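Each remark here refers to the structure printed beneath this line.
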Amino acid sequence: MTPKLHIIRTSDGVDFPLPSYTSKHHVGLVLKAAIPSVLKLDPQERGLIPIGFGIGIPDGLCGQIVSLPMVARDIGLIVLDGPQIVNPADRDALYVLVQNASRRQLIIRRGDAIAQLLVMPIYQIAWNEIKDKTMVSDEKTSFTFSDSGSNEESESNPPKKSTGKREVKSVRDRVKAADRV
């Protein structure tokens, strides 16, 4: 199922094309500058660029505005605070905060590709606060955290019988095991 997002044009984007995918293989919608005239950005200068619309993202999804790799690499225009998050509750016109990371002045014209919008599923979590940092358990797992960073099995979850394979309990043990190979 393809999610449907509400989109409304702003005064900057009345005659402006809506964001689109470059191809069926791209996951980001290309965002273009909906500026009335040329914008000049000196080296290291920042700018807030309108993109001509606002969107309504349904619950369970979020938008992330990130740099376009080719634009960042080729001309040095990067998205600041990337990814810029578009929450389901956001309904205002969207702007992209950019910076000229090059050593020369950049000239941005109306319709220039400046960023991309990714829409992806998100989860809201519920905290499970514990009183003792040495014990974390649920129906599936019970283990302790030590200050050394290794995970040790607790008394309530005794070690499993050996299957003939070396069981690795921590990242440190995995690194040691990998070094031995």
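The values are calculated or read from the model by the stated rules, or taken from the named source; none is laboratory data. None of the values given here were measured: they were computed from a predicted structure. No Cβ is skipped: glycine too gets one built from the backbone with ideal geometry, and neighbour counts run over all protein chains shown.
Of note:
- Apart from one condition, Q64 fits all of (1) crowded, with 19+ Cβ neighbours inside 10 Å; (2) at pLDDT 95 or above; (3) closer than 23 Å to T2 by Cα; the exception is (1).
- Residue in segment 102-114 that is of a type in the set (A, V, I, L, M), surrounded by fewer than 14 Cβ atoms within 10 Å (Cβ to Cβ) and modelled with pLDDT under 95 present: no
- Failed item in (1) at negative phi; (2) out of contact with any strand residue (DSSP E or B) (no Cβ under 6 Å at 6 or more places or on another chain); (3) of a type outside the set (A, V, I, L, M, F, W, C), with P83 passing the rest: (2)
- No other residue among D81, D12 is surrounded by fewer than 19 Cβ atoms within 10 Å (Cβ to Cβ) and in the same structural domain as A115 (by TED's automatic domain parsing) apart from D81.
- Filter result (part of a loop (DSSP other than H, G, I, E, B) and among the hydroxyl-bearing types (S, T, Y)) within segment 71-114: S102
- One residue alone among V136, V171, V79 is of a type outside the set (S, T, Y), within 27 Å of the chain's Cα centre (by Cα) and modelled with pLDDT of 55 or more, and that residue is V79.
- Checked against (1) of a type in the set (S, T, N, Q); (2) in a strand (DSSP E or B); (3) modelled with pLDDT of 95 or more, T144 passes all but a single condition, namely (3).
- Output for segment 1-49, where each listed residue is of a type in the set (G, A, S), touching a residue at least 40 places away in the same chain (Cβ under 8 Å) and over 16 Å from R110 (Cα atoms): G28
- Criterion applied to L31, L48 was being surrounded by fewer than 11 Cβ atoms within 10 Å (Cβ to Cβ) and not in a loop (DSSP other than H, G, I, E, B), and the one residue passing it is L48.
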